[in-house]
1. Whole number in Å², please: accessible area per residue of the stretch 102-158, 1.4 Å probe, ligands, DNA and RNA not counted.
2. Within the set Lys213/Lys244; Lys97/Lys215; Lys135/Lys215; Lys135/Lys213, which residue pairs have Cα atoms separated by over 25 Å?
3. Quick check on the chain: of the DSSP beta bridges with both residues there, what percent are antiparallel, nearest 5%?
4. Can you work out the Karplus-derived ³J(HN,Hα) for every residue in the stretch 178-193? Use 6.51 cos²θ - 1.76 cosθ + 1.60 with θ = phi - 60°, whole Hz, and x for glycine or proline.
5. Which trypsin sites (Lys or Arg not before Pro) in the stretch 139-220 sit in a loop by DSSP (not H, G, I, E or B) and have at most 14 other Cβ atoms within 10 Å of their own Cβ?
6. Give me the net charge for the shell around Pro39: Cβ to Cβ below 14 angstrom, other residues only, Lys and Arg +1, Asp and Glu -1.
7. Around Glu283, what is the net charge, scoring Lys/Arg as +1 and Asp/Glu as -1 over all other residues with Cβ under 13 Å from its Cβ?
8. Given H placed on each backbone N at 1.01 Å, which residues far from Asn82 in sequence or on other chains put an amide H within less than 5 Å of it?
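The values are calculated or read from the model by the stated rules, or taken from the named source; none is laboratory data. Every value quoted in this text rests on a predicted model; they were computed, and no experiment measured them. Using ideal geometry, Cβ is built from the backbone for each residue, glycine included, and neighbour counts are taken over all protein chains shown. Heavy atoms of the whole protein, side chains included, go into the accessibility calculation; ligands, DNA and RNA do not. Shrake-Rupley method; radii C 1.70, N 1.55, O 1.52, S 1.80 Å.
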Amino acid sequence: MQFWSGAAFIRATEAIGVAQIFDECGYDGVVCADHLIYPRQLSSPYPSPTGRPMWSPDSAWPDSWVLIGAMAAVTTRLRFSNAVYVAPARPLLEVAKQVATASVISEGRVSLGVGAGWMREEFDLMGQGFDNRGKRLDEMIPALRALWQGGWVSWSGRYYEVPELMLEPHPTHPVPILCGGESDAALRRAAGLCDGWVGTAYAWDEAVHYVQKLKAFRRSYGRHNEPFETMLALRETPSPDLYKRAEDLGITAVMCSPWAGLDGLLAGASSTHSAERFRPAVERFAETVIEKCR
C-alpha cells in the first residue's frame with residue numbers, strides 16, 4: 001500500500017518543507033490540487049449537494065507544476081501527482097511541456113492525474129471549449145503520450161493538430177496518466193485510456209462501489225490483467241487493518257491527512273508559519289500507521 005498526502009490549503013511556502021518531511025518519514029507521494037482562479041461571478045455549479053465550493057474565494061491554489069518542481073528539487077524519493085489537474089482547460093502543448101519538464105527535473109517521479117473540470121469560467125478565460133471538454137480529454141491522453149516520445153513528434157486528431165516538431169526536454173521515464181471523476185464517463189476513461197484512477201474521500205462502502213465499477217469497466221476493455229493504480233482517501237479511522245482491507249480490495253494508494261483532527265494546524269494557529277509545525281503529526285502517522293503496514 002502506498003501512502004500519499006495532499007498539499008491543498010497548505011501555504012505554498014510551507015509545502016516545500018512539508019514535502020521534505022514526508023520524504024524523510026517514508027511517505028510515497030504528494031498530490032497537488034488545481035484551480036486557476038475564483039471568479040467574482042461564479043455561475044458554474046460545484047458538484048456537491050449545495051452546488052457551492054467548500055473553500056473561500058481567497059483560498060490559494062498554487063500552480064501544480066511550479067509547486068511540484070520546487071518539491072521535487074528538495075526531495076529524493078517522494079513522488080508527485082494531481083487530484084486532479086484540469087488539463088482540458090489548458091492548451092495541449094502547454095500541458096505536454098509542463099509535465100515533461102517536471103518529469104525530467106524529478107527524474108521520473110511524476111504522474112499526471114487529469115479531470116474534466118466543472119468551472120466553465122476557467123475554460124472561457126483560457127480560450128478552451130467547455131462543452132466538449134470530456135471528448136477533448138479523451139484525445140488529449142493519447143496525444144500527450146505521443147508528444148512525450150522524444151525526437152520529431154506530431155499529433156493529428158479531431159480536436160488537436162500538432163505539426164511535426166521537437167518538444168524538449170522529453171520524459172526519459174514513462175509518465176503514468178490517471179483520471180479522476182466519479183461519473184461513468186470518467187470511470188470508463190480511467191479504465192480504457194489511463195494507467196489508473198484517482199478519487200476523492202469515501203466511506204468504505206462508497207469506495208467498494210467505485211473500485212468494483214472500475215474493475216468491471218477494465219474487464220469490458222480487456223485490461224483487467226494490466227497494472228492499474230487506484231488512489232483515493234477513506235473517511236474511516238486510520239488503522240493498519242483498514243489499509244490491509246483496502247489493499248485486498250484493489251486499492252493501491254491512499255491519500256491521508258496526518259494532521260486530521262488537529263484543530264488550527266492548517267488554519268495557521270501556530271505562531272510560526274513553518275513547515276516544522278507539521279512534523280509531529282507527519283511523524284506520528286508514519287510511526288503508528290505506515291510502518292505497521294510494511
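1. So the stretch 102-158 comes to 43 Å² accessible per residue, rounded to a whole number.
2. Lys97/Lys215
3. 15
4. Result, rounded to whole Hz: 10, 10, x, x, 10, 5, 4, 5, 5, 5, 5, 4, 4, 5, x, 10.
5. Details: sites: Arg145, Arg158, Arg188, Arg189, Lys213, Lys215, Arg218, Arg219; in loops: Arg158.
Those that pass, being in a loop and sparsely packed, are Arg158.
6. On the way: positive: Arg40, Arg52, Arg120; negative: Asp58, Glu121, Glu122, Asp124.
So the environment of Pro39 carries a net charge of -1.
7. Here the count lands on -2.
8. Here Cys32, Gly113 satisfy the definition.
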